[in-house]
Amino acid sequence: MITYEVHTLKKGAAVKDWSLAGVFEDRELSIHEATIMDESDRYAGIRVIAEDHNTTTGQTQTSTIYRGGSNFKEAKAKASAGTASLATRAEISPRDYTPKPRAVAASEKRSVMSLVPMLLLFLVIGLGGMYALHELVPD
């Protein structure tokens, strides 16, 4: 399962004082929320971290998919002007996270497969009820 965490760093705070602002299951929604926070210019740093947790192995892979904030904008401006070092340029370049396609678990397949017959049953019952009402109600 992939979750997206939005972290913020207040202006004047230490570099390691990141706060969790929200957890999302949708990538676009988390990035949208981060860009809204970034436009307010309240934070020195904003980042969105994608966490891919594998329930079978218990391992979690994380990657940063969005960076923003006044510190990031200043470092990006220095990098585009050519005044930043190579280490700084590598540090500030955002990486896009594209998760590997995961195998669908057997339990997920079973839940989808049991949903289809149930929906068909409801459809047949609904159509039968409509037909019975049509025949039983006098014109």
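Observations, loosely collected:
- If you filter the stretch 4-31 down to residues that are part of a loop (DSSP other than H, G, I, E, B) and closer than 16 Å to S70 by Cβ, you find that the one that is nearest to the chain's Cα centre (by Cα) is W18.
- Wholly enclosed helices (runs of 4 or more DSSP H) of the stretch 65-139 bearing at least 3 residues modelled with pLDDT of 60 or more and in the same structural domain as I46 (by TED's automatic domain parsing): 70-81
The values are calculated or read from the model by the stated rules, or taken from the named source; none is laboratory data. None of the values given here were measured: they were computed from a predicted structure. Heads up, the Cβs are rebuilt from the backbone with ideal geometry, glycines too, and the neighbour counts pull from every protein chain shown.
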